[in-house]
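Novice: Before I ask anything, let me first share the structure, which is written out below as structure tokens.
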Amino acid sequence: PAAAPCACPPGTTRVGAAPPDDTACWCEGPDAWGRPRRQGPARTWYDDGSPWVEESWVDGKRDGLHLERHRNGRLAIEGRYAAGLRQGRWRWWTEDGQLEEEATFSAGVNDGSFAAWYPSGRRRTEGRYCGGAQCGTWITWGEDGAEAGRVDYEVPRREP
């Protein structure tokens, strides 16, 4: 079956097309000067027509849920944008569906928990970021599950 095209909001125009006619479509609306900018959903497909990226745009910036798939259809990346910047929890998976990394962002900067896993599913690293810098205790484990190292980083004080 043919892929669903981008359903554009009122006042915007669809650019590109879904497979088999093209491999990308997005919506554009005029900015305050009448120049085109992305506004609404955008989709990209692999050359075989399978879905690759689904995202949304507001005022020319990524905004909302972002999904990226591997060629085999499994989820590769899931996260959210707010005004063009990564926001909240982001997750990355391997092609076989194993969760590989999970990180938290605030206004596009690593800020919060971080975790990574080996392909076996065993945890590899856990820690946290404070405003883009590693902070607090970070622990790394070997593939055998034994703790391989621990580092304590300074926790910066936030300005009021």
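Novice: So is W33 assigned to a strand (DSSP E or B) and aromatic (F, W, Y) or not? Steps first, please.
Specialist: Values: assigned to a strand (DSSP E or B): no; aromatic (F, W, Y): yes.
So W33 fails the test.
Novice: Another question, if that's okay. Where residues in the stretch 82-97 are open to solvent by 50 Å² or more (accessible area, probe 1.4 Å) and part of a loop (DSSP other than H, G, I, E, B), which of them is nearest to G132 (Cα to Cα)?
Specialist: If we take residues in the stretch 82-97 being open to solvent by 50 Å² or more (accessible area, probe 1.4 Å) and part of a loop (DSSP other than H, G, I, E, B), then A83 is nearest to G132 (Cα to Cα).
Novice: Suppose the filter is touching a strand residue (DSSP E or B) at 6+ places or on another chain (Cβ under 7 Å), within 22 Å of W45 (Cβ to Cβ) and surrounded by 15 or more Cβ atoms within 10 Å (Cβ to Cβ); does A103 pass it? Don't jump to the end; show me each part of the working.
Specialist: Working: touching a strand residue (DSSP E or B) at 6+ places or on another chain (Cβ under 7 Å): yes; within 22 Å of W45 (Cβ to Cβ): no; surrounded by 15 or more Cβ atoms within 10 Å (Cβ to Cβ): yes.
For A103, the condition - touching a strand residue (DSSP E or B) at 6+ places or on another chain (Cβ under 7 Å), within 22 Å of W45 (Cβ to Cβ) and surrounded by 15 or more Cβ atoms within 10 Å (Cβ to Cβ) - is not met.
To keep it simple, each residue is scored yes or no on (1) assigned to a strand (DSSP E or B); (2) crowded, with 17+ Cβ neighbours inside 10 Å.
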site: H66; (1), (2): yes, yes
site: A76; (1), (2): yes, yes
site: T137; (1), (2): yes, no
site: T140; (1), (2): yes, no
site: E159; (1), (2): no, no
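Novice: When the residues of the stretch 55-64 are filtered to those that are part of a strand (DSSP E or B) and in contact with an Asp or Glu (Cβ under 8 Å, 6 or more places away or on another chain), which remaining residue is least open to solvent (accessible area, probe 1.4 Å)?
Specialist: Filtering first and then ranking leaves G64.
Novice: What number of residues in the stretch 142-157 are part of a loop (DSSP other than H, G, I, E, B) and open to solvent by 40 Å² or more (accessible area, probe 1.4 Å)? Walk me through how you get there before you give the answer.
Specialist: Step one: filter the stretch 142-157 for residues part of a loop (DSSP other than H, G, I, E, B), giving 142-146, 154-157.
Going one step further and asking which of them are open to solvent by 40 Å² or more (accessible area, probe 1.4 Å), we end up with 143-144, 146, 154-157.
The qualifying residues number 7.
Novice: Within the stretch 118-129, is even one residue β-branched (V, I, T), over 29 Å from A42 (Cα atoms), in contact with a Lys or Arg (Cβ under 9 Å, 6 or more places away or on another chain) and assigned to a strand (DSSP E or B)? Write out each step before concluding.
Specialist: We begin by selecting, within the stretch 118-129, every residue β-branched (V, I, T); these are 125.
From what's left, over 29 Å from A42 (Cα atoms): 125.
Those still in the list that are in contact with a Lys or Arg (Cβ under 9 Å, 6 or more places away or on another chain) too: none.
No, the stretch 118-129 has no match at all.
Novice: Still on this structure, please answer the following. State whether the residues of the stretch 46-61 include one that is basic (K, R) and out of contact with any Cys (no Cβ under 6 Å at 6 or more places or on another chain). Outline the logic, then answer.
Specialist: Taking the stretch 46-61 as the starting set, the residues that turn out to be basic (K, R) are 61.
Pick out the ones that are also out of contact with any Cys (no Cβ under 6 Å at 6 or more places or on another chain) and you get 61.
Yes, the stretch 46-61 has at least one match.
The values are calculated or read from the model by the stated rules, or taken from the named source; none is laboratory data. All values reported here derive from a predicted model rather than from experimental measurement. Please note: Cβ atoms are built from the backbone with ideal geometry, for glycine as well, and neighbour counts cover all protein chains shown. With ligands, DNA and RNA removed, areas are computed over all heavy atoms of the protein, side chains included. Shrake-Rupley method; radii C 1.70, N 1.55, O 1.52, S 1.80 Å.
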